[in-house]
2 protein chains.
Amino acid sequence: MPVTIKDIAQAAGVSPSTVSRALSDHPRISAGTKERVRRLARDMGYTPSILARGLVTRHTATIGVAITTVSDPFLAPLVRGIEAIAHENGYSVFLGNVHRDRERELQVVQSFYERWVSGIIVAGSQIDEGYLDLRDRFPLPIVLFNCRTYPYSVSTDNLIGACQAVAHLVQLGHRRIAYIANQYSYRANLDRLTGYRRVLEESGTSMDPNLVTEGDGTIKSGLKAAGELLALSQPPTAFFCFNDMTAMGVINALRRAGLQVPRDKSVVGFDDLDLARYYNPPLTTVRQPTHQLGQRAIRMLLDLIQGRDDLQPEILPAELVVRETTGPAPTLAQ
Amino acid sequence: MPVTIKDIAQAAGVSPSTVSRALSDHPRISAGTKERVRRLARDMGYTPSILARGLVTRHTATIGVAITTVSDPFLAPLVRGIEAIAHENGYSVFLGNVHRDRERELQVVQSFYERWVSGIIVAGSQIDEGYLDLRDRFPLPIVLFNCRTYPYSVSTDNLIGACQAVAHLVQLGHRRIAYIANQYSYRANLDRLTGYRRVLEESGTSMDPNLVTEGDGTIKSGLKAAGELLALSQPPTAFFCFNDMTAMGVINALRRAGLQVPRDKSVVGFDDLDLARYYNPPLTTVRQPTHQLGQRAIRMLLDLIQGRDDLQPEILPAELVVRETTGPAPTLAQ
DNA sequence: TTGTAGGCGTTATCAT
DNA sequence: ATGATAACGCCTACAA
């Protein structure tokens, strides 16, 4: 039903290959027919079939991006970074929702692969370096975030970022500092936990394992974790959270418990979402270079697509942003 | 390089068509060869090419969803609703980022069309009923949200929702009620504005055009709009916001101005995002049946794909959710 | 400069 | 029950 190259050929009185050449700017074609064919194509409403084209050229000019879930605010600048560079290079970008589920992630990657995308970027993978074992099942370039054990990965410096955050709290006099983790971000979580531990050790503070608690990166989990931590016989005076969402949940829990931030408790997030500066109170947090992360990832992917494989994992710096959720530790007297 | 149906045929000592039949559960094939071929396919790591298949069957089992931007929190349940039903019916769902730009929206729809997706859902269209004119350029099913003037559309009852919100404020004694609009959601915005106007008129309140101001649905725009409204000689005592994000911006502005919510000013949002109940204070807002919106849209799209065209625009009910950002209007004495 | 022929991976229509 | 054959829409040698 839709108009094909043959239809144009017939209308123009030339062969299909001539049409193809006219449309694809082939060098050896007369300016006249080229112009005529192009006008005809436009007038007839011709749209090339990327299916057919991809089948023969083995190039679909498509990038698949697997994301944990739409509306993860962390993703916006990251995806924008990807898109900007992808479009510059003539690629379309499509997103697939994974919902932090390993099975779904495999399905999404598979459905990208079945459609012959040129390459895949996975944000928030539940598989991580497992992709090394999936190379023969999915023989196409795949780039990850925050997985230093995988050769094609772009990360934030989670370790240093965490160190900055916790050092900031220590400097404010806090000694009982909680860490609320994220079980779904295995690698990033590990690095942040390491940073947390390191600073506490270096500051000579005794580590209390009760202060490290599991979360899942959502507001709700921050709320729940904070509730549990507050119920301890010796509750923390400060909360270092895996991300800003968790931090918002914590602040909410504190508010419900009648506590004020930062007077009674301090909270530090991670990410520096757009929302962070507009939360109430504005969040102290560790900024990730999200837009850059996206750009580096797509550059790496394009390199891989072009056949390079001498690439190194990249690590971008994090930066502490002090706002209004951190303050001096309450004195013991209180 | 990847293994094709021919490779399997060769390995199994049968013809390609037999392999195709074995894999697609064709009725006329012996159980033996079917089993043998299937095992071989699995062992050899065969993945069907949806490009090739789609080319001949004209069916790619793919739904394209155009969204304004990843990380619009409003979209999460909506997309989940779409995915749930789509997957049940054997379709894959891919998202394309439009960034509220008309040109980009056309590009995304075009790139879906070039890839022969079975149908398209557009959330937050900048084109709306303009798709009627694009029917010959994109001859495939397209479903929209919140566009009653387009035949294939699913909407929230924005009018009634707005009425509920404003009536709630009026009941609390508010007379100077601002409306902060969203220029990018043309249709939805129009209906909400109408509801706002109607309730004010019915309550005998004189409409002050200065209290209706343009926004773009972001926190930042809420912040800005509230700042301007507060600078009026007679500032409003209540803010009805196009959405929750705007409301959060407003609350932020109020906080910066040293005002308390809901003691000094009342704020109502729209959407009832997950975040709304966790904001500080928890938002009074109008709930949209987001998940259902998605489900209805995909059902409508699947109907269209199957050739039905006797469909009607659908309108789902909205519901006021009263939380902690609305209270009695301050007395004039204050 | 243009046309012809072959093929990309798959399914569908005929035969057998 | 299985095998040839053609076709989907497009590109690309090769030939003219």
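Could you please give the count of residues in segment B:71-93 that are of a type in the set (A, V, I, L, M, F, W, C), over 18 Å from A:Ser92 (Cα atoms) and within 8 Å of chain A (Cβ to nearest Cβ)?
So in segment B:71-93, the residues of a type in the set (A, V, I, L, M, F, W, C) come out as B:74-76, B:78-79, B:82, B:84-86, B:93.
Filter again for over 18 Å from A:Ser92 (Cα atoms), leaving B:74-76, B:78-79, B:82, B:84-86.
Of the ones still in play, those that are also within 8 Å of chain A (Cβ to nearest Cβ) are B:74-76, B:79.
The qualifying residues number 4.
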Quiz item: If you go through segment B:94-103 one residue at a time, do you hit one that is away from every other protein chain (no Cβ under 11 Å) and within 16 Å of DNA strand D (Cβ to nearest atom)?
Solution: no
Quiz prompt | Within segment B:125-150, tally of residues that are crowded, with 20+ Cβ neighbours inside 10 Å and within 14 Å of another protein chain (Cβ to nearest Cβ) | solution = 1
Practice problem: Tell me, yes or no, whether segment A:44-51 has at least one residue that is without any contact (Cβ under 8 Å) to a residue 12 or more places away in the chain, under 30 Å from A:Asp303 (Cβ atoms) and touching a helix residue (DSSP H, G or I) at 6+ places or on another chain (Cβ under 7 Å). | Solution: yes
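Being touching a strand residue (DSSP E or B) at 6+ places or on another chain (Cβ under 9 Å), acidic (Asp, Glu) and within 16 Å of DNA strand C (Cβ to nearest atom) narrows it down to one of A:Glu105, A:Glu83, A:Glu114, so name that one.
Details: A:Glu105 fails: within 16 Å of DNA strand C (Cβ to nearest atom); A:Glu83 fails: within 16 Å of DNA strand C (Cβ to nearest atom).
Testing whether each residue is touching a strand residue (DSSP E or B) at 6+ places or on another chain (Cβ under 9 Å), acidic (Asp, Glu) and within 16 Å of DNA strand C (Cβ to nearest atom) leaves just A:Glu114.
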Exercise. Among the numbered conditions (1) free of Cβ contacts under 8 Å to residues at least 12 places away in the same chain; (2) at negative phi; (3) crowded, with 21+ Cβ neighbours inside 10 Å, tell me where B:Ser71 comes up short.
Key: (2)
Practice problem: Sort out for me the strands (runs of 3 or more DSSP E) sitting completely within segment A:101-201 that have 2 or more residues that are polar (S, T, N, Q) and in contact with a Phe, Trp or Tyr (Cβ under 8 Å, 6 or more places away or on another chain). | Solution: A:153-156
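Does segment B:56-78 contain any residue that is within 14 Å of DNA strand D (Cβ to nearest atom), at pLDDT 95 or above and part of a helix (DSSP H, G or I)? Even if it seems obvious, please write down each step before you answer.
Narrowing segment B:56-78 to residues within 14 Å of DNA strand D (Cβ to nearest atom): B:56-60.
Among the residues that remain, those that are also at pLDDT 95 or above are: B:56-60.
The next check asks that each one be part of a helix (DSSP H, G or I); those that pass are B:56-57.
Yes - at least one qualifying residue is present in segment B:56-78.
Given the criteria surrounded by fewer than 17 Cβ atoms within 10 Å (Cβ to Cβ) and within 16 Å of DNA strand C (Cβ to nearest atom), does B:Arg58 qualify? Steps first, answer last, please.
On the way: surrounded by fewer than 17 Cβ atoms within 10 Å (Cβ to Cβ): yes; within 16 Å of DNA strand C (Cβ to nearest atom): yes.
Spelling it out, B:Arg58 is indeed surrounded by fewer than 17 Cβ atoms within 10 Å (Cβ to Cβ) and within 16 Å of DNA strand C (Cβ to nearest atom).
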Quiz prompt | Check on A:Tyr186, more than 30 Å from B:Thr218 (Cβ to Cβ), of a type in the set (Ser, Thr, Tyr) and under 21 Å from the mean Cα position of the chain (by Cα) | solution = yes
Quiz item: So which residues in segment B:56-70 are over 25 Å from B:Gly294 (Cα atoms) and either more than 10 Å from chain A (Cβ to nearest Cβ) or not charged (D, E, K, R) (or both)?
Solution: B:Val56, B:Thr57
Quiz item: In segment A:256-272, how many residues are more than 10 Å from A:Glu324 (Cα to Cα) and of a type in the set (S, T, N, Q)?
Solution: 1
Practice problem: Would you mind stating whether B:Arg198 is closer than 22 Å to B:Val267 by Cβ, surrounded by fewer than 18 Cβ atoms within 10 Å (Cβ to Cβ), in the same structural domain as B:Ala238 (by TED's automatic domain parsing) and not aromatic (Phe, Trp, Tyr)? | Solution: yes
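Just name the residue that is farthest from the other protein chains (Cβ to nearest Cβ) out of those in segment A:1-55 that are of a type in the set (S, T, N, Q) and assigned to a helix (DSSP H, G or I). Full working, then the answer.
Within segment A:1-55, the subset of a type in the set (S, T, N, Q) is A:4, A:10, A:15, A:17-18, A:20, A:24, A:30, A:33, A:47, A:49.
So of that shortlist, the ones also assigned to a helix (DSSP H, G or I) come out as A:10, A:17-18, A:20, A:33.
Values: A:Gln10: 19, A:Ser17: 19, A:Thr18: 22, A:Ser20: 16, A:Thr33: 24 Å.
The extreme case among them is A:Thr33.
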Quiz item: What residue, among those in segment A:3-46 that are surrounded by fewer than 18 Cβ atoms within 10 Å (Cβ to Cβ) and near DNA strand D (Cβ under 7 Å from one of its atoms), is nearest to the chain's Cα centre (by Cα)?
Solution: A:Ser24
Quiz item: Would segment A:294-312 turn up any residue that is under 17 Å from the mean Cα position of the chain (by Cα) and on the phi > 0 side of the Ramachandran plot?
Solution: no
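The values are calculated or read from the model by the stated rules, or taken from the named source; none is laboratory data. These numbers were taken from a predicted model, which means no experiment stands behind them. Virtual Cβ from ideal backbone geometry, glycine too; neighbours counted across all protein chains shown.
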